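Before any comments, here is the structure.
The values are calculated or read from the model by the stated rules, or taken from the named source; none is laboratory data. Please read all numbers here as calculations on a predicted model, not as lab measurements. Please note: Cβ atoms are built from the backbone with ideal geometry, for glycine as well, and neighbour counts cover all protein chains shown. Keep in mind that these areas ignore ligands, DNA and RNA; they rest on the heavy atoms of the full protein, side chains included. Shrake-Rupley method; radii C 1.70, N 1.55, O 1.52, S 1.80 Å.
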Amino acid sequence: MYVHIENLSFSYPKTPVLHQLTFTMQKGEILAIIGSSGSGKSTLLRTLSGLEMPACGRIHIAGETVCDTSRCTPADKREVGFVFQDYALFPHRTVAQNIAFGLHKTPRKARQARVDALLEMIAMTGFARRYPHQLSGGQQQRVALARALAPMPKMLLLDEPFSNIDTDLKHTIRLELASLLKKANMTSILVTHDEEDARMLADRVIVLEGGRIVHEERVVRTPRH
Amino acid sequence: MKRRINHDGPLFSLFALIAGLAIIVPLLFILRHLFEPSTDAWRHIRQIWLLAYIRNTSVMIFWTAFGTALIGTYAAVLTTRYTFFGVRVLSWMLVLPLAVPAYIAGYVYADMLSYTGTVTRFLRLVSLPQLLQPMTMAGAVFIFVFTLYPYVYLFVRAALKRQSAAYAESALTLGVGPFRAFFLVVLPLLRPALIGGVFLVVLETLNDYGLVAYFNIRVFSFAIFNAWFSFGEVVTAIRLSAVLLIMVFVILVLERVLRGHRRYTVHVKGRVIAARPLRGLARVVHPFCLWLILGFGFLFPTMQLMHYAVLTWRNTLNMTLFYNFMNTLTIALGSTALIVVIALMLANFGRFRPKGWKRAWLKATTLGYAIPGAVIAIAVNLFFITVDRQLYPLYRWLNPASPVLVLSMSLGMLVFAYILRFMAIGYNSIEAGYDKLGETFTEAAYTLNHRKLSTLLKIDVPLLKSSLFAAAVIVFIDVVKELPLTLILRPANYDTLASRIYEYASDEMIQDTGVASLILIMMSALLIYALSGPKKRGRSAHVRPY
Ligand SMILES: Nc1ncnc2c1ncn2[C@@H]1O[C@H](COP(=O)(O)OP(=O)(O)OP(=O)(O)O)[C@@H](O)[C@H]1O
Ligand SMILES: [Mg+2]
């Protein structure tokens, strides 16, 4: 298994949030997590990315134990990409500078090439010098995705990526995102409120309630046009 | 394009017009007198001194800006991002140096480091020489830095508390460590707040007269006063003012440019970074540094003043001091009330994001804060004398024995000058409150058939209570501390605490300033406590520094 999570528990001081979660993922799989507000979806992503320390449990990603009882790799060493709910694009950097942000260890030439490739992938080649506030919601989301993919993370976590996007646009953007993730063969977890999102995008859906997995199902998809 | 309904009643428009005129016309007097023929004194100053004034002033504001930026940001980051023993007390106490006027700190430090001063005597006791020269440019910058850093501290702190954690966390998930993330992401996003705070510091530094006069540092405000007071050289004073205003203008432009043309309209909500405990050696070192900063800006000077007070209270705690205190209290309360009311009306006029000339007009009415006290003093004085000359027939008609100068001999001139200078502070604070409030409540009241004034009184004022309180506190403190305007524009034989302290110091009776200084500082300190001390939740929501 590419990702293996065992008995993962997490509490905020005085508030237990996640209880003994166990699940696995294959390379390239897209997993959707749905659940009501406060069920612990964001917290799960934060724990997986290293932004929060679990109380107990193990996390293996790509054949490496990134977290167990004895040690925990910090977020900046974990190589797990994260797309935040509001995208958190750095407002003082251009689109290109945002995408290049995680490539600080890459030599300049290779970095430039990578940024160009990603801009092409998200079909925003002409936008390199724009600032985030000059973009639409859907464009911002694509840039956030490109930024997270740039350092080639081992897996990608997306927290409610559609929450800022109008319903009219949502349909196209959803399809776009699914094809981008599949093209990159990126193992991803996607958090959403919306069951339709989950079924359109994911290979598998997990329902979280009160910090526990209450339901799990494989999505049987009618072939896309 | 969405069309906007015009929400401005004729009453408010008229009011804004008059307020604007009252502020702009006196400044035009400077312009008028600028074209009077040159004098020998001016030619002399221009050839020999002018460059030195420009250089000294620039050096002073540069280092003060640099020092306050460093210390203010350092203190703000530590108190918002880390927890350690005493952090809650420190986080409001670090504002207290605002209660200490730079001139008082200057008198105290100069005395402490003088041959017979506390510090020198102590060093002698342990056989160490005292090598510091306080009454120098470096000394003045030191005092400005430690009494003015709270402006930067307050601004940066507010910004840090608003900054979404998602920025720093994004950097982490992109493989950038916390230290680099701070400099690449957190700090750049603080830039507007940092520049805003430093900007106020620079304006305060340019405005100071008491400290630079005592230390004999040849900067503009000192030179203007000298020309006006000691030599009666109106033309020279006005020309120096004009040069100083050009510097202020450059600073205003610089602020605009540095603050950045990009508007950070990408709002990211969500959690802010949770404070982490300090670990290891840092647990001792950082709190120590913060207490030391507070010590330099507040604790050491006040302790020394207490000592002076003990030595001299028998001679200085008397009825005269009581009258000085009452004068300070009444004029500060009166001016504050006027400023808050006018600012509320103006903010009400400006709240629906006016465009074009209205916007420009509002900007103009709050220009006074950028203009150093020395210049405002001259402008207001010339203006009032002219008004008196025009009104003289009226005076004579009312009272045949009336002198020519009536208004310009009254307290009205001083209050007018305070309003001119501190309007922006009140206005900005209330405007910030309106910004947070939004328009819905007021619009709801309009739809319920309430008229403008009744809406203002019944809806806006109660909802803006904390912003109004913040505005009042800040204006009050500034009026109490104010020196240059008070010195020049007060009527004969009218003394406030500040002018009394100045007079003691001019007579080299530093220890006699003890009681008066302590009263002045404690008044402000209490208000700072009321404004930013430990408090119930929800209050701080409306309080934005300026
Ligand atoms: N910093 C915190 N301190 C204490 N409790 C917290 C904190 N952050 C979240 N919680 C609690 O943890 C629980 C899970 O929160 P989480 O943000 O993971 O929910 P969520 O499923 O993402 O909800 P939503 O759909 O609203 O985003 C909630 O009950 C919340 O109140
Ligand atoms: Mg969430």
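Below, the figures for the structure above:
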| read-out | value |
| --- | --- |
| Rounded percent of accessible protein surface that carbon and sulfur make up, the protein assembly as shown, 1.4 Å probe | 63 |
| Relative contact order (%) - chain A, alpha-carbon pairs under 8 angstrom, separation at least six | 29 |
| Most fluctuating residue given options A:LEU175, A:LEU149, A:LEU157, as computed from a GNM of chain A linking Cα atoms under 10 Å | A:LEU175 |
| Computed over region A:1-54: relative contact order in percent, which uses C-alpha pairs under 8 Å that are six or more apart | 33 |
| Cα centroid separation, region B:448-501 to region B:136-211 (Å) | 27 |
| Length added when fully stretched, B:LYS436-B:LEU405, from 0.36 nm per residue minus Cα-Cα | 6.6 nm |
| Spatial separation of Cα centroids for region A:20-73 and region A:126-199, in angstrom | 20 |
| Residue-averaged [θ]222 nm for chain A, counting only DSSP H segments that reach four residues, each worth -39500 (n - 2.57) | -9000 deg cm²/dmol |
| Estimated translational D of chain A in µm²/s (Stokes, Kirkwood radius over Cα pairs; 4 °C; 1.567 mPa s) | 72 |
| Principal axes of the protein assembly as shown: Cα extent on each, largest first, Å | 103, 73, 50 |
| Positive-end extreme of charge dipole, chain A - chosen from A:ILE213, A:ILE5, A:ALA96 (charges on Cβ) | A:ALA96 |
| Cysteines having no other Cys beta carbon under 4.7 Å from their own, within the protein assembly as shown | A:CYS56, B:CYS289 |
| GNM top mover of A:THR47, A:THR94, A:THR172 - chain A, alpha-carbon springs below 10 Å | A:THR172 |
| Residue-level accessible surface for B:SER127, protein heavy atoms, 1.4 Å, Å² | 100 |
| Beta bridges by DSSP in region A:67-225, antiparallel share as percent, to the nearest 5 | 45 |
| Mean separation of Cα contacts under 8 Å (6+ apart) over length of chain B, as relative contact order % | 23 |
| Accessible surface, per residue, of the protein assembly as shown when the full set of protein chains is kept, probe 1.4 Å, Å² | 46 |
| Cα long-axis angle, helix A:167-183 against chain A (0 to 90 degrees, to the nearest 10) | 80 |
| Entries of A:LYS170/B:LYS358; B:LYS363/B:LYS436; A:LYS41/A:LYS170; A:LYS14/A:LYS105; B:LYS358/B:LYS465; A:LYS105/A:LYS170 with Cα pairs more than 31 Å apart | A:LYS170/B:LYS358; A:LYS14/A:LYS105; A:LYS105/A:LYS170 |
| Backbone N under 18 Å from the A:ALA128 label point (7 Å along Cα→Cβ), restricted to region A:100-114 | A:100-104, A:106-114 |
| Relative pair counts by distance (%), Cα atoms of chain B, 20 Å bins | 19, 53, 25, 2, 0 |
| Accessible area (Å², 1.4 Å probe, nearest 10) - B:LYS358 | 40 |
| Computed E for B:LEU526/B:ILE48 - FRET, C-beta separation, R0 56 angstrom, nearest 0.05 | 0.75 |
| Cα long-axis angle, helix A:108-121 against chain A (0 to 90 degrees, to the nearest 10) | 80 |
| Total accessible area lost when A and B pair, probe 1.4 Å, Å² to nearest 100 | 2400 |
| Pairwise centroid distance, computed over Cα atoms, of region B:323-393 with region B:215-260, Å | 20 |
| Selected from B:HIS33, B:PHE325, B:ALA274, residue furthest toward positive end of dipole (the protein assembly as shown; charges at beta carbon) | B:ALA274 |
| For residues of B:163-171, the mean tally of beta carbons on other chains within 10 Å | 6 |
